[in-house]
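Visitor: Before I ask anything, here is the structure I am working with.
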Amino acid sequence: MRYYEMGVAIAGYNPDNRDAIKAAADEEWDFDDWDDYPEEISARGRGGLYGGESEEAFAERLTHAIWRANGAYCSVEVTCTYLDDLPCETYEYGEADYVMFVNGD
C-alpha cells in the first residue's frame with residue numbers, strides 16, 4: 001500500500017446531480033467534508049492505493065465515476081500527493097541544548 005492525500009475539484013456539472021456526484025466520488029476514495037461553492041465542489045482525503053494501482057489509474061477511475069454520476073462531461077481535477085516520501089526536516093536537540101534552555105540562554 002502507498003499512502004496518499006487525494007484532492008478532487010469538480011466544475012461545470014449538473015447541479016441536480018451534486019449529491020450523486022459526491023456519493024460516486026466517495027465510493028472511489030474516502031473524501032473528507034466537501035466544500036460547496038457556486039461553481040465548484042471539492043474535497044480532500046487520505047488513504048492508500050492498493051494492488052499496484054497508479055495515481056493515473058486512480059484519477060481516471062475517479063473521473064469516470066464522476067462523469068457517470070453527472071450523466072455528462074464535467075471538469076474533474078484530481079490532485080495526488082504521495083505522503084510516504086515527502087520532503088521533510090528533522091530536528092533533534094541534545095542535553096547541551098536542554099542546559100541552555102534551563103539556563104535561559
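Rundown of residues vs (1) in contact (Cβ under 8 Å) with a residue 40 or more places away in the chain; (2) not hydrophobic (A, V, I, L, M, F, W, C), yes/no style:
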{"position": "ALA25", "(1), (2)": "yes, no"}
{"position": "ASP32", "(1), (2)": "no, yes"}
{"position": "GLU56", "(1), (2)": "no, yes"}
{"position": "ASN70", "(1), (2)": "yes, yes"}
{"position": "LEU83", "(1), (2)": "yes, no"}
{"position": "LEU86", "(1), (2)": "no, no"}
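Visitor: Let me confirm something: among ALA23, ALA96, ALA59, which residue is of a type in the set (A, V, I, L, M), surrounded by 13 or more Cβ atoms within 10 Å (Cβ to Cβ) and assigned to a helix (DSSP H, G or I)?
Guide: Going through ALA23, ALA96, ALA59 in turn, just one is of a type in the set (A, V, I, L, M), surrounded by 13 or more Cβ atoms within 10 Å (Cβ to Cβ) and assigned to a helix (DSSP H, G or I): ALA59.
Visitor: Report yes if ASP84 is acidic (Asp, Glu), modelled with pLDDT under 95 and in contact with a Phe, Trp or Tyr (Cβ under 6 Å, 6 or more places away or on another chain), otherwise no.
Guide: yes
Visitor: Of the conditions (1) modelled with pLDDT of 95 or more; (2) over 25 Å from MET1 (Cα atoms); (3) not in a strand (DSSP E or B), ASP105 clears all except one; give me its number.
Guide: Of the numbered conditions (1) modelled with pLDDT of 95 or more; (2) over 25 Å from MET1 (Cα atoms); (3) not in a strand (DSSP E or B), the odd one out for ASP105 is (1).
The values are calculated or read from the model by the stated rules, or taken from the named source; none is laboratory data. Quick caveat: nothing in here was measured; it's all calculated off a predicted structure. All Cβ positions, even for glycine, are placed from backbone atoms using ideal geometry, and neighbour counts span all protein chains on display.
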